[in-house]
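Contents: one structure, followed by commentary.
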Amino acid sequence: MSAPYRIAGISRAMSWLAIAGAVVLPILIVATFIYPDQTRFLNLGLNHLGAPLADHVPLQWRLVALLIEAIPIGIAIWGLLALHRLFRLFADGKIFSPAALTAFKTVTASVFWYVLAAFLSEAPLSLALTAANPPGQHVISFGLGLGDVAVLFLGGATLVIGRVMAEAARLAEENESIV
Amino acid sequence: MAIIVNLDVMLAKRKMRSKDLAEAIGITEANLSLLKSGKVKGVRFETLEKICAALACQPGDLLEYRPDAPQDAAE
């Protein structure tokens, strides 16, 4: 099996996974906020320090928290859709095309913006989840964990890879014009 | 570009069609057309060798350096 054929096959599978993620992720997130105790097994890591997402949090505050969480999740979906476009282009053999590079840049940007949005939304999220608590028991939490640092590093690495791909695209275009 | 490609001239001398030459040397007609019109950025030695073998000629018969004349003038 030739390399281009393998790339096309894997890329097609990955594009389907990316679009499935973009569809399933918001459904799971909404379900987790509306039925937190029943969906705990999903282990989506949405419990915040001192501000657990649980049934005892009134629904209206859980919906407020969901609206806040929608920002980083929206960015994640944007990134997944760009990833889907990127893998579709790879599957069609357009590996070094301008469209592929644009999609790759969007994926990289979405990683950075996701980490930033997740960090900034932590405080209002924890406040929303503890808004119904008695006075003195409201929580505002924020933090940057090892996981966030790892994702940021991954984003930086993919940014460099994107630059390398852009150079490879330039070389590929030049190579095509040599007979 | 100052390099003029005289492939058309050689094809006419050898009474060979572009399509046949493209098939003989293993490149597409589109690429051969780009080569004839000088719109390529380079030619591989392998391709040049195959053209010379097919047309029984020398590289100098195909390529000419003319610093003041653009490729369009040669056509």
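Here, each number is a calculation from the coordinates, and none is a lab measurement. In this text, all values refer to a predicted model and were calculated from it rather than measured experimentally. Note that we place each Cβ from the backbone using ideal geometry, even for glycine, and neighbour counts take in every protein chain shown.
Just a few scattered comments:
- Once the convex hull of all Cα atoms in the protein assembly as shown is built, its volume per residue stands at 170 Å³.
- Chain B: relative contact order as a whole-number percent, Cα under 8 Å and 6+ apart: 56
- Proximity of backbone amide H atoms, modeled 1.01 Å from N, is registered between B:I4 and B:E64, B:Y65, B:R66 at under 5 Å, excluding neighbours fewer than 5 places apart on the same chain.
- A dipole drawn for chain B from +1 and -1 charges on Cβ atoms has a positive end, and of B:P59, B:I25, B:I3 the residue lying farthest that way is B:I25.
- Entries of A:K105/B:K19; B:K19/B:K41; A:K105/B:K50; A:K94/B:K19; A:K94/B:K39 with Cα pairs more than 30 Å apart: A:K105/B:K19; A:K105/B:K50
- Bins of 5 Å, starting at 0 and running to the largest distance - Cα pair percent for segment A:109-179: 3, 14, 14, 12, 11, 10, 8, 7, 5, 4, 4, 3, 2, 1, 0, 0
- P(r) histogram, all alpha-carbon pairs of chain B included - 5 Å bins from 0, percent: 3, 16, 30, 29, 15, 5, 1
- The Cα-based radius of gyration of segment A:63-112, divided by its Kirkwood radius, gives an Rg/Rh of 1.16.
- Within chain A: Cβ-based charge dipole about Cα centre, in debye rounded to nearest 20 (Lys, Arg +1; Asp, Glu -1): 280
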